[in-house]
Amino acid sequence: MTEAQPDLTVDIAGVKLANPLMTASGTCGYAQEYADFVDLRQLGAFVTKSITLAPRPGNDYPRVVETRAGMLNAIGLANVGLEAFLKDKVPALEKLGLPVFVNVAGTTVDDYLAVAEALEGVGVVRGVELNISCPNVKEGGIQFGTDPAQVAKITAALRKVCKKNILIVKLSPNVTDITATARAAVENGADALSMVNTFTAMVIDVENRRPVLGNGTGGLSGPAIRPIAVRMVHQVYSQVTGPAGVPIIGMGGIQYARDAVEFLLAGATALAVGTALFVNPGCIVSIRDGIADYLRRHHCRSVKEIIGAVHA
Ligand SMILES: Cc1cc2nc3c(=O)[nH]c(=O)nc-3n(C[C@H](O)[C@H](O)[C@H](O)COP(=O)(O)O)c2cc1C
């Protein structure tokens, strides 16, 4: 007799996901790019690359560099812009049959509002993920995400336009106290938090004595950041979101099922995978199956039983 399949379903502020796994923004384009490599329909949700009001060419090359336990990127929010996204990318996303969360970026609050408003009527879109934490844009990016007063302001503004779509605020880890920005988002109406974005970092080419990235600095992601991200998720879950009943989408270096389970135990309800997709696009499906194995081994019927269940 085969053992019952554990229940992997989770709920992100009313959006039901078949399992907790989703793509991390910017690492899977608009889905079509990965169609030949992995069956994305096996995920819980799809998260798009950041969309801005106008198209953006992005930063100077090189834009990515590998490090020993991860990578740095300074893409600079290169994207097709809102209009082309709606016309050219949404039809393919509709075919996925998954809830889609659109990551939105901008340099002014009005930019964010315009994009979020336009996404309200788009059927396949179930949520807006505010990228207030991109460290690679010179004109704004970082300020929104590192100052609790700015986080409060942008969250409150977006709260007014996100009616059908849930409002997810993606936090920057480049702060002294992440509970302060988390609290600002939650108190001003965030339905969920995504955490974390990349850590500002630098790689230097020692022969020519210049930074490798065209932008000088970039954001560090991958296995190197996982223990810091797990600590941040646990801090925010225990001090802010747990008591408020707000779910966390945890990310940062998830590559194997045990990494994902760490984030769940720390307090994440859902999980996003980014850098690991560049190594093995199929890992996201193995991670999902590995979570189910873990639950069976620990005699849990549902993934919800382990959310925040670390004995800390
Ligand atoms: C190449 C690349 C591009 C990214 N682009 C975006 C983006 O457009 N918007 C965003 O919010 N985060 C972006 N991120 C950050 C990821 O969504 C994620 O927060 C971070 O990489 C940590 O997860 P990981 O270690 O699994 O990659 C990007 C990350 C990488 C590696």
Lysine-lysine proximity count for region 35-184, Cα under 21 Å, sequence distance 8 or more or distinct chains: 16
Amide N proximity, region 4-38 versus His299 label position 7 Å along Cα-to-Cβ, cut-off under 17 Å: 4-7
Under the Karplus curve 6.51 cos²θ - 1.76 cosθ + 1.60, θ = phi - 60°, whole-Hz ³J(HN,Hα) for region 86-94, x wherever Gly or Pro sits: 5, 7, 9, 9, 4, x, 5, 5, 4
Net lengthening on full extension, Ala309/Arg68 (0.36 nm per residue, minus Cα-Cα): 83.6 nm
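Counting alpha carbon pairs within less than 8 Å and at least 6 residues apart, what relative contact order, in whole percent, applies to region 86-204?
Details: 205 pairs, mean separation 28.1, N = 119.
This gives 24 percent for region 86-204.
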Over the chain: helical MRE at 222 nm, DSSP H runs n ≥ 4 each giving -39500 (n - 2.57), nearest 500: -8500 deg cm²/dmol
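Can you bin region 243-297 into rounded, prolate or oblate? Criterion: square roots of the alpha carbon gyration tensor eigenvalues sorted a ≥ b ≥ c, rounded for a/c under 1.5, prolate for a/b above b/c, oblate for the rest. Numbers along the way, then the final one.
Values: a/c = 2.57, a/b = 1.35, b/c = 1.90.
It comes out oblate by the Cα gyration axes.
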Within the chain, longest stretch free of exposed GluC sites (Glu not before Pro) [DSSP loop, at most 15 other beta carbons within 10 Å]: 4-119
Equivalent ellipsoid dimensions for the chain as semi-axes, Å, which come from the Cα gyration tensor, largest first: 27, 22, 21
Cα-centred dipole magnitude for region 3-114, charges only on beta-carbon of K, R (+1) and D, E (-1), debye, nearest 20: 160 debye
Where the chain is the region considered: accessible area per residue in Å², 1.4 Å probe: 43 Å²
Net charge contributed by nearby residues that have their C-beta within less than 12 Å of Ile254 (K/R +1, D/E -1): +1
Coil-residue chymotrypsin sites (Phe, Trp or Tyr not before Pro) of region 11-61, DSSP, other Cβ within 10 Å capped at 13: Phe37
Exposure rule at most 15 other beta-carbon atoms within 10 Å, DSSP loop trypsin sites (Lys or Arg not before Pro): the chain longest free segment: 210-300
Shape of region 1-128, Cα gyration tensor, a/c cut at 1.5: oblate
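Just the number, please: carbon plus sulfur as a percent of the accessible area of the chain, 1.4 Å probe, no ligands or DNA/RNA counted. Please list the in-between numbers first.
On the way: 7070 of 13350 Å².
Of all accessible area on the chain, carbon and sulfur atoms account for 53 percent.
Work out the length of the dipole vector of the chain about its Cα centre, built from +1 on the beta-carbon of each Lys and Arg and -1 on the beta-carbon of each Asp and Glu, and round it to the nearest 20 debye. Please report the intermediate quantities before stating the final value.
Details: 28 positive and 28 negative charges, 53 e Å.
Around 260 debye, computed over the chain.
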Mean Cα-pair separation over length for region 249-312, i.e. relative contact order, pairs under 8 Å, 6 or more apart, %: 40 percent
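The values are calculated or read from the model by the stated rules, or taken from the named source; none is laboratory data. The shown structure was predicted, so the numbers you read here are calculated from the model rather than taken from an experiment. When we count neighbours, we look across all protein chains shown, and the Cβ atoms used for this are built from the backbone with ideal geometry, even at glycine. Just the protein is used for accessible areas: all its heavy atoms, side chains included, with ligands, DNA and RNA removed. Shrake-Rupley method; radii C 1.70, N 1.55, O 1.52, S 1.80 Å.
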